[in-house]
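Step one of this worksheet: look at the structure below.
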Amino acid sequence: MPLEKPKNTILESQVKKSIFRVGIPNTDRKRVLIVLGNVFLHLHPTKVRTSGVKLRFTWCAGGLAFFLFLVLTLTGVLLMFYYRPTVDLAYPDMVDLREQVPFGIMREMHRWGAHAMVIVVMLHMFRVFMTGSYKPPREFNWVIGVLLLVLTFLLSFTGYLLPWDQLAIWAITVGSNMAKATPFLGAGGPGAEFLQIGGVPLIHPGDDARFLLIGAKELGGITLNRFYVLHCIFIPLAAAVLMAVHFWRIRKDGGISGPM
Amino acid sequence: MSETLKHIVNYFSAPEWSFTIFSVLFIWALFQRWIWTRQGVIIAMVAISVALGWALQDANFRVTLLKPDNAPIFLMIYLFSFFLWMAMLQAHNNDRRMEQRLPPEEKETSDQKTWVWPDLVYIELLCMILCTVALVVWSITVRAPLEEPANPANTPNPSKAPWYFLGLQELLVYFDPWFAGVVLPSIIVLGLMAIPYIDVNPKGSGYYCFKERRLAILTFLIGFFVMWDFLIPIGTILRGPGWNVFGPFEEWSSHKVVALTNVNLSEYVWVKAFYPLGQAIGWEWLAQGLPATDGSLSLANITRVFKKEFAGILILAFYFCVLPGLLARGWLKDFCERLGFARYSVAIFLFLTMATVPMKMYLRWLVNLKYIVDTPWIKF
């Protein structure tokens with residue numbers, strides 16, 4: 001074999017060995033070590049229930065939801081290099097991303113990926129329900145999953161405003177107007193008028209639930225900033241923490257579900 | 001021929017028809033084993049495609065459906081139909097096996113173990129590649145929507161929420177915002193979280209099945225497919241200017257005026273029932289018409305509000321407070337005993353709340369009911 005020597009030189013080199021401690025995983029021992037020794041792979045156990053590996057059982061929906069989250073993180077960070085969340089600049093930056101970047105599809109990847117994530121997360125929930133995988137001992141992980149579904153909606157919803165076009169502000173107007181109707185906490189909600197001290201209302205458009213959400217009485221620059229921070233930092237961090245718990249609990253609760 | 005068909009579709013796509021037809025067909029289909037076969041899914045996918053392809057020939061439908069952010073709805077329709085089949089095929093297959101006293105199919109390999117490297121990692125890699133390819137192709141072929149710059153002075157008609165919330169927005173037709181926009185979504189989230197704690201059925205854990213957990217699956221699927229997913233295309237395609245209903249092949253005209261003839265329950269009681277009755281038997285108290293109320297918190301006014309709305313308040317009190325107890329003693333006796341008091345209370349509250357949604361929709365469609373209870377402070 002003419003290439004034997006250079007091949008061995010690479011495989012046996014100090015650099016290669018320092019990165020991938022295990023050689024070619026051709027024995028069971030090495031298959032275990034490769035999973036245990038890799039920070040990404042060790043989300044998995046070294047062995048899983050055979051019935052749970054099958055694609056028709058899991059649809060890979062949970063995995064793809066996580067993968068789409070990663071795609072969205074990556075494309076989102078790239079978009080953040082070009083996007084400025086102010087009322088004057090947000091829309092022109094969008095136009096620039098569309099018109100000035102040859103073959104630019106980062107915004108498309110981000111937007112369609114986000115919609116796909118919403119769909120895939122719902123599918124994952126559907127799959128977990130249909131296989132009864134929320135049943136003991138996995139009850140709590142289902143609860144975490146529901147929270148992650150809510151965060152997925154919120155991520156998509158906050159991102160919806162950022163292009164600052166007509167589609168964005170009116171969709172967010174419709175959505176955030178709902179907060180106005182929160183019982184007791186929204187200025188237009190039932191019961192809010194009773195919360196007053198000496199005739200001075202405690203809940204008014206300047207401090208109600210909608211104000212908390214959009215940061216002002218009307219949608220404006222402060223809303224854009226607020227949604228930007230929520231979208232890029234706050235909710236992704238919260239989702240990341242919950243995802244860590246979610247994945248950890250899959251393993252702690254006995255791995256992928258299967259019939260007893 | 002095509003025009004006639006379009007008229008028929010327009011007519012039957014009105015929510016009162018399409019919602020009814022869809023719910024009945026959906027629930028019926030879940031029980032039909034012969035539907036959930038390999039041929040079944042191919043026929044269904046082809047049928048959806050042909051129907052969409054035919055409908056897209058129509059200019060009005062094209063305008064509505066090909067709006068920039070409606071692309072995910074296509075994806076949703078295809079994926080959800082496909083995976084519903086995927087789940088029900090395996091569920092019925094396992095049901096059949098269990099009728100023959102065989103374990104579910106998953107059981108055959110569930111005691112074996114597979115190496116994560118390379119078997120699982122390989123599947124995950126393939127899925128990631130396929131997903132990436134699909135996403136890149138989608139991104140190259142369809143541009144992300146970007147409309148006119150934001151203009152707070154120019155309200156589009158209709159203004160719509162993002163597509164995944166359009167089911168909730170559709171419910172605003174039948175409920176006030178405090179319920180459809182705040183309380184109901186909160187109850188949905190809490191109700192989803194409560195599922196593992198109120199479903200005490202130990203069967204069906206870790207494998208697809210239908211027969212062993214019919215109640216749980218029916219409730220979830222009706223919520224998920226009928227009340228959440230089906231209302232999304234309704235809100236997207238059928239709701240035009242003024243949030244009026246337009247058939248898929250109808251032009252969205254902002255001049256369409258639909259007479260609002262909705263009537264409160266209190267009006268039915270005091271004006272349409274008591275008034276003529278009181279006149280007939282000459283009892284003035286009955287014939288007084290709708291008691292006048294205002295927003296003040298004086299005892300006299302509150303009494304008048306209660307008097308005006310007594311029927312609705314009694315109905316709701318019966319529905320949420322008495323009915324659970326009656327059901328626990330009668331029809332749902334076994335269910336209640338299995339769950340225990342706390343679980344039963346939560347479960348029945350969630351069931352009944354969920355049921356208010358279609359009930360209120362049908363009351364609107366059948367008798368134009370607006371509010372069951374209409375006080376100056378809270379309306380339901």
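Odds and ends about this structure:
- Looking only at segment A:159-174, residues that are under 30 Å from A:Phe129 (Cβ atoms) and surrounded by fewer than 21 Cβ atoms within 10 Å (Cβ to Cβ) come to 1 in all.
- Residue that is surrounded by the fewest Cβ atoms within 10 Å (Cβ to Cβ), among those in segment B:250-272 that are of a type in the set (A, V, I, L, M) and under 27 Å from the mean Cα position of the chain (by Cα): B:Ala259
- When the residues of segment B:169-200 are filtered to those that are facing another protein chain (nearest Cβ under 8 Å) and assigned to a loop (DSSP other than H, G, I, E, B), the one that is nearest to B:Leu363 (Cα to Cα) is B:Asp176.
- Hey, B:Val173 under 17 Å from the mean Cα position of the chain (by Cα), at pLDDT below 95 and surrounded by fewer than 19 Cβ atoms within 10 Å (Cβ to Cβ) or not: yes
- The residue pairs whose first member lies in segment B:300-329 and is at pLDDT 95 or above, whose second member is surrounded by fewer than 14 Cβ atoms within 10 Å (Cβ to Cβ), and whose beta carbons are closer than 7 Å, counting only pairs six or more residues apart or on different chains, are B:Ile313/B:Phe306.
- Looking only at segment B:110-143, and only at residues there that are crowded, with 19+ Cβ neighbours inside 10 Å and in contact (Cβ under 8 Å) with a residue 24 or more places away in the chain, the one that is nearest to A:Phe57 (Cα to Cα): B:Ser110
- Out of A:Phe103, A:Phe81, sole residue that is free of Cβ contacts under 8 Å to residues at least 12 places away in the same chain, over 27 Å from B:Ile73 (Cα atoms), among the aromatic types (Phe, Trp, Tyr) and exposed (fewer than 15 other Cβ atoms within 10 Å of the Cβ): A:Phe81
- Test for B:Ile35: is it within 19 Å of B:Ile222 (Cα to Cα) and crowded, with 16+ Cβ neighbours inside 10 Å: yes
- Search result, residues across segment A:87-131 that are within 7 Å of chain B (Cβ to nearest Cβ), assigned to a loop (DSSP other than H, G, I, E, B) and not hydrophobic (A, V, I, L, M, F, W, C): A:Thr131
- Qualifying residue in segment B:71-84 (condition: farther than 24 Å from A:Val128 by Cβ and either touching a strand residue (DSSP E or B) at 6+ places or on another chain (Cβ under 7 Å) or within 14 Å of chain A (Cβ to nearest Cβ) (or both)): yes
- Looking across segment A:77-112, the residues that are under 21 Å from the mean Cα position of the chain (by Cα) and β-branched (Val, Ile, Thr) come down to A:Val77, A:Ile105.
- Residue that is nearest to the other protein chains (Cβ to nearest Cβ), among those in segment A:34-70 that are small (Gly, Ala, Ser), under 19 Å from A:Val245 (Cβ atoms) and out of contact with any Gly (no Cβ under 9 Å at 6 or more places or on another chain): A:Gly63
- The condition of being of a type in the set (Gly, Ala, Ser), under 28 Å from the mean Cα position of the chain (by Cα) and in the same structural domain as B:Glu212 (by TED's automatic domain parsing) holds for B:Ala44.
- Qualifying residue in segment B:57-75 (condition: loosely packed, with under 12 Cβ neighbours inside 10 Å and within 29 Å of B:Ile35 (Cβ to Cβ)): yes
- Annotation for segment B:360-372: no member residue is at pLDDT below 95, surrounded by 15 or more Cβ atoms within 10 Å (Cβ to Cβ) and over 25 Å from the mean Cα position of the chain (by Cα).
- Within segment A:1-33, the set of residues being more than 9 Å from chain B (Cβ to nearest Cβ), out of contact with any Gly (no Cβ under 7 Å at 6 or more places or on another chain) and surrounded by 13 or more Cβ atoms within 10 Å (Cβ to Cβ) comprises A:Lys16, A:Phe20, A:Gly23, A:Leu33.
- Contact map, segment A:132-143: first residue more than 7 Å from every other protein chain (Cβ to nearest Cβ), second residue of a type in the set (S, T, N, Q), Cβ cut-off under 8 Å, separation 6 or more or different chains; pairs are A:Pro136/B:Ser205; A:Arg138/A:Ser257.
- Of all residue pairs spaced 6 or more apart or on separate chains, those with beta-carbon atoms under 8 Å, a first member in segment A:27-51 that is among the basic types (Lys, Arg) and a second member that is modelled with pLDDT under 90 are A:Lys30/A:Val22; A:Lys30/A:Gly23; A:Lys30/A:Ile24; A:Arg31/A:Pro25; A:Arg31/B:Trp117; A:Arg31/B:Pro118.
The values are calculated or read from the model by the stated rules, or taken from the named source; none is laboratory data. Since we're looking at a predicted model, the values are computed, not measured. Heads up, the Cβs are rebuilt from the backbone with ideal geometry, glycines too, and the neighbour counts pull from every protein chain shown.
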